[in-house]
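Chemist: Attaching a single structure in structure tokens format; questions to follow.
The values are calculated or read from the model by the stated rules, or taken from the named source; none is laboratory data. All figures in this text were calculated on a predicted structure; none of them were measured in a lab. Cβ placement follows ideal geometry from the backbone for every residue including glycine, while neighbour counts extend to all protein chains displayed. Heads up: the accessible areas ignore ligands, DNA and RNA and are worked out on the full protein's heavy atoms, side chains in. Shrake-Rupley method; radii C 1.70, N 1.55, O 1.52, S 1.80 Å.
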4 protein chains.
Amino acid sequence: MHIGLVGLGKMGNNMRARLEKNGVEVTGYDTNPAVSDVATLADLVKALPAPRTVWIMVPAGKITDAVVNDLEGLLEKGDLIIDGGNSKFTDDFRHSEQLAAKGIDYMDAGVSGGVWGLENGYGLMVGGSEAQVERVMPVFDALRPEGPREEGFVHVGEVGAGHYAKMVHNGIEYALMQAYAEGYELLDTRKDIIKDVTGTFKAWQRGTVVRSWLLELLVRALEADPEFQNIEGYVQDSGEGRWTVEEGINNAVPLPTISASIFARFVSRQEDSPAMKAVAALRNQFGGHAVKAVD
Amino acid sequence: MHIGLVGLGKMGNNMRARLEKNGVEVTGYDTNPAVSDVATLADLVKALPAPRTVWIMVPAGKITDAVVNDLEGLLEKGDLIIDGGNSKFTDDFRHSEQLAAKGIDYMDAGVSGGVWGLENGYGLMVGGSEAQVERVMPVFDALRPEGPREEGFVHVGEVGAGHYAKMVHNGIEYALMQAYAEGYELLDTRKDIIKDVTGTFKAWQRGTVVRSWLLELLVRALEADPEFQNIEGYVQDSGEGRWTVEEGINNAVPLPTISASIFARFVSRQEDSPAMKAVAALRNQFGGHAVKAVD
Amino acid sequence: MHIGLVGLGKMGNNMRARLEKNGVEVTGYDTNPAVSDVATLADLVKALPAPRTVWIMVPAGKITDAVVNDLEGLLEKGDLIIDGGNSKFTDDFRHSEQLAAKGIDYMDAGVSGGVWGLENGYGLMVGGSEAQVERVMPVFDALRPEGPREEGFVHVGEVGAGHYAKMVHNGIEYALMQAYAEGYELLDTRKDIIKDVTGTFKAWQRGTVVRSWLLELLVRALEADPEFQNIEGYVQDSGEGRWTVEEGINNAVPLPTISASIFARFVSRQEDSPAMKAVAALRNQFGGHAVKAVD
Amino acid sequence: MHIGLVGLGKMGNNMRARLEKNGVEVTGYDTNPAVSDVATLADLVKALPAPRTVWIMVPAGKITDAVVNDLEGLLEKGDLIIDGGNSKFTDDFRHSEQLAAKGIDYMDAGVSGGVWGLENGYGLMVGGSEAQVERVMPVFDALRPEGPREEGFVHVGEVGAGHYAKMVHNGIEYALMQAYAEGYELLDTRKDIIKDVTGTFKAWQRGTVVRSWLLELLVRALEADPEFQNIEGYVQDSGEGRWTVEEGINNAVPLPTISASIFARFVSRQEDSPAMKAVAALRNQFGGHAVKAVD
């Protein structure tokens, strides 16, 4: 099999390496000529056998939109675009409709695994037609982890379903991370009792109910910097957590831990909290409680 | 009626003024001789007609314990101690038992109203025996707001019930404050839409569903400092909110908003969040996401 | 002043009464002929002096859209539509743009006060142009509560700002209600200590920090049915709370208490919780813990 | 090595089997004669070589207290009690002090792994003196999972530290379970998009960021009953989650996801929610919103 891959950043580059290692031929395109196999997107399309398969691995939103637009002008009826980025599922609906007008097929693939995917394989959640999923299965098999296919790959449903599943995956991920982090803070706070915080997390890796890959990563991080002295408690978010809460709200599904973990990230990025200024001001108003004046 | 008042700080002093204005004679004692009517606690007790009533208005915990201990040695069978401070209801159980051994009566009074109580009167929640509540009703009538007694005073139950009710009152208070504060932050964040944040809160004071005394205080605070430029988002807590959550936990009562408002205060006091350091470290581990290094 | 009012349901009817009581002439239209002053919307428009002012008071969403569409075809350049319903602020952007093409002005008015507005007046939050706000001020003055205008009326900003402010108002309202409700549940659970739950809430109405209009309503409700024996813990939501959380998420504003209060409503409407089924299943898997079988 | 084991229920029995399989001699005692090796606790003590080691594996609280009391009267200076149950760390402080008076040593061991421990080994978190931990290491080695000792065993600190770590472990566990459960509910709610909910969870087992042992258990549960049709969303809690929140509160450590997961369990056990009755009553009061009457 021979596919095109648009976007050779941290993720795309690793994925190309894994694909090639596992026998899939890849022609890669990136705006950075230093890593690109071809000069232009048109050249990429020309290099591929029909029906063409182009996997997009660029930032969600406008950049993905632009690549889809460009490919729409270059691809032919029967070709296939797979969006493997972190797009919102509603973007898939839009892209799919746009491309269908020209007979170009569309598929969305949620990809999990981060920088470890090259070595471990990528967990894949795919949305699209049965026929196309069958056709590009060699690509999925090359990317996914070893072991039974159904433990690292799922055809979730029609277009959009892959990114929907990935969105929920990431929403869960946010709350899992927050859960370990809360436990860490409590253990760290009671170092009068807990003499070995890192050792405690380390000892949870086998046999316990909380063992997980994230726990193993936390152990790695603690072993590298046991007090997190070189890291600030400032946490970005990349969209999926927000969309998960939005979907919870839209569908009347209560998501207390997932929303709490997003809000914790929002707070982590604030220099000072307007809300807590208001609370401090209120306490001062009714109780004459001292406030901390801004210096 | 003539009572003793131990503790002439911000609250005690105001309460003395209101009691005297409304015809209750008060002999006050404070460790600060500048404000004390008598030199010693023994002198205070001597100054009172039997059966004596001594109202304690000092910080909860060890200081209240010490005053109760001292009074235990000075008072006689039939005398009454009222703890009007912010004691935990379980302290009331302990104090009551301790004093009962000597025939001294005990009552707890939750007092709400802050620095405004002198002018507006204090909301009172009282725990103790029917007979004693009747006997000292003139004191409660002097302290409570004008209007029907049952709108500013309640005999909640036996000893401890007054502080229990006050604890829940404050737990609710925490969540009410947080609710307004969250709304403030959202309005403040969308000043591209909301051209008059202070004016919006101001306009909620009449007719709306959210009108309240806390809202009026928020308007006062905003009018004094519309951007809260002179105030830090650093908020203390004085115990009752924590005890409320503890009671929720002990009695399997879900308290999502009250607990959220306490946690927001905890976060507001952290220089940096150990939990969010852990989350940042985790993101870095799996995604190679950049972290903010500590300078 | 003479205006048209479309929608004579619970809210619209009360508003008509208050407007007329305060000297504003109202021609009302409703699809229900029994309460309508005119046979058709066209008749309503014909009855009004130019420049016409038509206040819409119908359910948000499709029904409001339909009325705006119909009025677009009937009104003339210089006329004004005021949407006083619970529309989302983004609907205002859309309606305003649609009508501007024909020179028809648009204004949004968030209205708070519920069934009490007839008597107490309605809190008003208005978005639109300065000139139009000035022109229809007699209408706002008739609707708003007595007292200083700025305590029951605010011109929040351009079109959409009124409903934005109302949305946040309602988000806050949700959390306020939940806060009192959590306190109620805790007091109710500890009736071994709290001998008079209704009396406790009643006594918070004067002097305390938590006094509010909602508290007064809670007292009314408790006095009518002290154990809430005739009411189910099933709570609807009407959109604004969800939009508030959505806006929090979109703007990285943490809203822990507001989101918690929405989620509590979602849970209240579930026959059984799929999430808690999953948790029960998990506990059973690792601990052999008994599960409650569905009958 | 030869130890005594008090409590041969689900956990104790499995632990005895694993100990014996791995070369530790066990004399077991249970109040149920059918499974007990000896007739009385005194007989158990007599059967053990000095210095004796008795591992207690009975329900936390009064039952553990009673066993400790009984053993206090039977053991001698230099003997050791290990509490492997789910006791609160403050019970350890008490038990340790009580036994120290007679020269009996005490150790606490948090044990994780549930019904799978027999096969997989038990994650162990131990509090006690260095010397005693060394002495009974063969017991821990027999119980813990295969692999490096530090990945399934930790000597956390002095007495109480083991149960403290286990408490936090369980607090985290609650939030992890809730996180997956929320994700499940959202996927399940959008079955219009997600055509294979079980398959989605199944595909997360390899390569993804959220892979964990709990996820594997959730897959097992879903494969057995894909719609959880035979299970009620009714979830017990066994104390550690509550204590974790209590400790968070006592130490000003924010625990939003852990507390949310406990509260979700509380709600799951309510026939109807008093809090939500209050909210429904309030909505009815101000908006005339219909309430659901109790049948």
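Chemist: Of everything in the range C:106-153, what is more than 14 Å from the chain's Cα centre (by Cα), among the small types (G, A, S) and in a strand (DSSP E or B)? Give them in sequence order.
Modeler: C:G127
Chemist: Another one. Limited to the range D:100-135, what total is found for residues that are crowded, with 21+ Cβ neighbours inside 10 Å and of a type outside the set (D, E)?
Modeler: Pass one, the range D:100-135, residues crowded, with 21+ Cβ neighbours inside 10 Å: D:104-114, D:117, D:121-128.
Now drop any that are not of a type outside the set (D, E), which leaves D:104, D:106-107, D:109-114, D:117, D:121-128.
Residues flagged as crowded, with 21+ Cβ neighbours inside 10 Å and of a type outside the set (D, E) within the range D:100-135 amount to 18.
Chemist: Can you name the number of the only condition in (1) under 22 Å from the mean Cα position of the chain (by Cα); (2) away from chain B (no Cβ under 14 Å) that C:K102 fails?
Modeler: In the conditions (1) under 22 Å from the mean Cα position of the chain (by Cα); (2) away from chain B (no Cβ under 14 Å), C:K102 misses (1) alone.
Chemist: Related question: Just checking, which of A:G183, A:G128, A:G199, A:G160 is touching a strand residue (DSSP E or B) at 6+ places or on another chain (Cβ under 8 Å) and within 26 Å of D:P148 (Cβ to Cβ)? Break it down stepwise before answering.
Modeler: Values: A:G183 fails: touching a strand residue (DSSP E or B) at 6+ places or on another chain (Cβ under 8 Å); A:G128 fails: within 26 Å of D:P148 (Cβ to Cβ); A:G160 fails: within 26 Å of D:P148 (Cβ to Cβ).
Checking each option against the conditions leaves just A:G199.
Chemist: Applying the selection to the range B:149-161, what residues are of a type outside the set (V, I, T) and open to solvent by less than 50 Å² (accessible area, probe 1.4 Å)? Please lay out each step first, then the result.
Modeler: We begin by selecting, within the range B:149-161, every residue of a type outside the set (V, I, T); these are B:149-153, B:155, B:157-158, B:160-161.
Correct list: B:E151, B:G152, B:F153, B:H155, B:G157, B:G160, B:A161.
Chemist: For the range D:3-39, how many residues are among the β-branched types (V, I, T) and touching a strand residue (DSSP E or B) at 6+ places or on another chain (Cβ under 6 Å)? Steps first, answer last, please.
Modeler: Step one: filter the range D:3-39 for residues among the β-branched types (V, I, T), giving D:3, D:6, D:24, D:26-27, D:31, D:35, D:38.
Those left that are additionally touching a strand residue (DSSP E or B) at 6+ places or on another chain (Cβ under 6 Å): D:3, D:6, D:26-27, D:38.
Looking only at that region, the number is 5.
Chemist: If a residue must be more than 9 Å from chain D (Cβ to nearest Cβ) and not hydrophobic (A, V, I, L, M, F, W, C), how many such residues does the range A:133-153 contain?
Modeler: Total satisfying the criteria: 4.
Chemist: Right, something else. Residue check: is B:V279 crowded, with 24+ Cβ neighbours inside 10 Å, on the phi < 0 side of the Ramachandran plot and not in a helix (DSSP H, G or I)?
Modeler: Working: crowded, with 24+ Cβ neighbours inside 10 Å: yes; on the phi < 0 side of the Ramachandran plot: yes; not in a helix (DSSP H, G or I): no.
Considered against the rule, which asks whether it is crowded, with 24+ Cβ neighbours inside 10 Å, on the phi < 0 side of the Ramachandran plot and not in a helix (DSSP H, G or I), B:V279 comes out as no.
Chemist: Please give the number of the condition A:G123 fails out of (1) within 7 Å of another protein chain (Cβ to nearest Cβ); (2) farther than 21 Å from A:K88 by Cα.
Modeler: Of (1) within 7 Å of another protein chain (Cβ to nearest Cβ); (2) farther than 21 Å from A:K88 by Cα, only one is false for A:G123: (2).
Chemist: Report the residue count in the range D:266-279 for those that are at the interface with chain C (Cβ under 7 Å from one of its Cβ atoms) and more than 24 Å from C:S238 (Cβ to Cβ). Please lay out each step first, then the result.
Modeler: If we filter the range D:266-279 for residues that are at the interface with chain C (Cβ under 7 Å from one of its Cβ atoms), which is where we start, we get D:267-268, D:272-279.
From the residues that got through so far, the ones that are more than 24 Å from C:S238 (Cβ to Cβ) too are D:268.
Number of matching residues: 1.
Chemist: Go through the range B:205-226 and give me each residue that's open to solvent by 70 Å² or more (accessible area, probe 1.4 Å), without any contact (Cβ under 8 Å) to a residue 24 or more places away in the chain and not small (G, A, S).
Modeler: Those that are open to solvent by 70 Å² or more (accessible area, probe 1.4 Å), without any contact (Cβ under 8 Å) to a residue 24 or more places away in the chain and not small (G, A, S): B:R206, B:E216, B:R220.
Chemist: A further question on this structure: Being facing chain A (nearest Cβ under 7 Å) and open to solvent by 30 Å² or more (accessible area, probe 1.4 Å) is the filter here, so list the residues in the range D:175-197 that pass it. Quick ask: steps written out before the conclusion?
Modeler: As a first pass, look at the range D:175-197 and keep what is facing chain A (nearest Cβ under 7 Å): D:175-176, D:178-180, D:182-183, D:185-187, D:189-190, D:193-196.
Residues satisfying the conditions are D:T189, D:R190, D:K195, D:D196.
Chemist: Checking the conditions here, which among D:L8, D:L19 is within 21 Å of D:Y106 (Cα to Cα) and within 17 Å of the chain's Cα centre (by Cα)? Working first, answer last.
Modeler: Working: D:L19 fails: within 17 Å of the chain's Cα centre (by Cα).
None of the others qualify; the one that does is D:L8.
Chemist: Has the range D:237-251 got at least one residue that is crowded, with 22+ Cβ neighbours inside 10 Å, within 14 Å of chain A (Cβ to nearest Cβ) and not in a helix (DSSP H, G or I)?
Modeler: No.
Chemist: Looking only at the range B:154-171, count how many residues are touching a Ser or Thr at 6+ places or on another chain (Cβ under 8 Å) and either more than 8 Å from chain C (Cβ to nearest Cβ) or assigned to a helix (DSSP H, G or I) (or both). Before the answer, list the steps.
Modeler: As a first pass, look at the range B:154-171 and keep what is touching a Ser or Thr at 6+ places or on another chain (Cβ under 8 Å): B:154, B:156, B:158-160, B:163, B:165-171.
Next, only the ones that are either more than 8 Å from chain C (Cβ to nearest Cβ) or assigned to a helix (DSSP H, G or I) (or both) stay: B:159, B:163, B:165-171.
Summing the residues that are touching a Ser or Thr at 6+ places or on another chain (Cβ under 8 Å) and either more than 8 Å from chain C (Cβ to nearest Cβ) or assigned to a helix (DSSP H, G or I) (or both) in the range B:154-171 gives 9.
Chemist: Quick one: in the range D:81-127, which of the residues that are charged (D, E, K, R) and without any contact (Cβ under 8 Å) to a residue 24 or more places away in the chain is farthest from D:M11 (Cα to Cα)? First the steps, then the outcome.
Modeler: Narrowing the range D:81-127 to residues charged (D, E, K, R): D:83, D:88, D:91-92, D:94, D:97, D:102, D:105, D:108, D:119.
Checking the rest, the ones that are also without any contact (Cβ under 8 Å) to a residue 24 or more places away in the chain come to D:94, D:97, D:119.
Numbers: D:R94: 24, D:E97: 27, D:E119: 12 Å.
Among those that are charged (D, E, K, R) and without any contact (Cβ under 8 Å) to a residue 24 or more places away in the chain, it is D:E97.
Chemist: Now for a different question. Quick check on B:R242: is it over 14 Å from A:A275 (Cα atoms), touching a Pro at 6+ places or on another chain (Cβ under 7 Å) and modelled with pLDDT of 95 or more?
Modeler: Answer is no for this residue.
Chemist: Here is a follow-up. Out of the residues in the range A:252-276 that are of a type in the set (S, T, N, Q) and under 30 Å from A:F89 (Cα atoms), which is surrounded by the fewest Cβ atoms within 10 Å (Cβ to Cβ)? I'd like the intermediate steps shown before the answer.
Modeler: We begin by selecting, within the range A:252-276, every residue of a type in the set (S, T, N, Q); these are A:257, A:259, A:261, A:268, A:270, A:273.
Filter again for under 30 Å from A:F89 (Cα atoms), leaving A:257, A:259, A:261, A:268, A:270.
Working: A:T257: 32, A:S259: 33, A:S261: 31, A:S268: 23, A:Q270: 17.
Filtering the range A:252-276 for residues that are of a type in the set (S, T, N, Q) and under 30 Å from A:F89 (Cα atoms), the one surrounded by the fewest Cβ atoms within 10 Å (Cβ to Cβ) comes out as A:Q270.
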